[in-house]
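Here is the structure we will look at, set down as structure tokens.
Read-outs: derived from the displayed coordinates by stated rules, not from any lab. Because the structure is a prediction, the values reported are computed rather than measured. With ideal geometry, Cβ positions are generated from the backbone for all residues, glycine too; neighbour counts draw on all protein chains shown.
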Amino acid sequence: MKVSGFTFIRNAIKLDYPIVEAIQSILPLCDEVIVAVGNSEDDTLGLIQSIDPTKIKIIETIWDDTLRENGAVLADETNKAFQAISKDSDWAFYIQGDEVIHEKDHAEIRSKMEMYVGDSEVDGLLFSYQHFYGSYDFIGASNNWYKNEIRIIRNSSNIYSYRDAQGFRKDDNQKLKVAKINADVYHYGWVKDPRAMQAKQTSFHKLWHDDEWLEKNIEDVEFFPYEEHINGLARFKGTHPQIMQARINRLNWTFKVDPSRNKKSLKNKIKDLLKWMGIDTNYRNYIQIR
């Protein structure tokens, strides 16, 4: 069984992405990792080159900044990396620049890839998510956060990145058939120095909206106001991946949670009630068959 990892990145240093930790977290499970490094305003290329030249294969790309609707450029860059993996690989392990895999799940992931590699019905493997917010001590607990997503796909030419690169589709817009595995993706996209988080907000929304929308909706402030966006958080009770420990130790800001504001919205309360009744209203970009 051969496994290729793949990802894309741009301005990793400027926007404080844990891309090194992301790549290193899947390296033990991959025979190679393809990294599409976009045209950056910092030394992102040098950063990626410093990781592991024996396994990392870099393709340099130019982002199409005209694809400024619904995050389409993110899928475009994902597909560039996916199409560059070795043709003889069985599985393709996708990781985004702010996602990390815990070493405790490596054995489970390896086992399930081996289990399903010969099962042609299974297009991919489905992971659960831990979404961190504000600091490394809190996770999103409301239905605003997606609970699962595909991160390992079969190496097939009919599979492609979907919309804003959160998930995948195949053939003529068909959802992938997946097997759920007992492994998590640790998502750190909402844990950054408040300055870097505010810069990311501006950069990120440029991929979805025009300048007029940005001017009306993105605050002209230096620091991202984490406390103003709290909604349904819970204290994280697990452990972080070892590869993240040095970054966690460098945390240089204070995140305060006001319990009176840390409440679920009425919409999410209704969703929770429906789920308790056996009705799951959350969006699913996949068909779970195993």
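Computed over neighbours whose Cβ is under 11 Å from that of residue 181, the net charge equals +2, Lys and Arg +1, Asp and Glu -1.
Sites listed here are trypsin sites (Lys or Arg not before Pro) in segment 153-188 whose DSSP assignment is loop and whose Cβ has at most 16 other Cβ atoms within 10 Å: 163. Count Lys and Arg as plus one, Asp and Glu as minus one, and take only other residues whose Cβ is under 14 Å from that of residue 252; the net charge is then +2.
Distance between the modelled labels on residue 54 and residue 120, one decimal in nanometres: 3.7 nm (7 Å Cα→Cβ projection). How much of the pair distance distribution for segment 122-164 lies past 11 Å, counting alpha-carbon pairs only, in percent? Value for segment 122-164: 73 percent of Cα pairs lie more than 11 Å apart.
Taking 0.36 nm per residue of separation and subtracting the current Cα-Cα distance, fully stretching the chain between residue 249 and residue 128 would add 41.0 nm. Between residue 227 and residue 256, full extension at 0.36 nm per residue minus the direct alpha carbon distance yields a gain of 9.7 nm. Cross-link pairs exceeding 32 Å between alpha carbons, from the set 180/237; 14/180; 177/256; 14/87; 14/80: 14/180; 177/256; 14/87. Per-residue packing, averaged as other Cβ atoms within 10 Å, sorts the ranges 115-126, 49-60 into the order 115-126, 49-60, beginning with the highest. From the largest down, segment 1-146 spans 42, 39, 31 angstrom on the principal axes of its Cα atoms.
I want the local charge near residue 94. Using Cβ-Cβ distances under 11 Å, sum +1 for each Lys or Arg and -1 for each Asp or Glu among the other residues. Once all neighbours under 11 Å are counted, the net charge is -1. The order of 236, 223, going from fewest to most other C-beta atoms within 10 Å of their C-beta, is 223, 236. Distances between placed amide hydrogens fall under 5 Å for residue 129 paired with 185, all partners being 5 or more residues away or on another chain.
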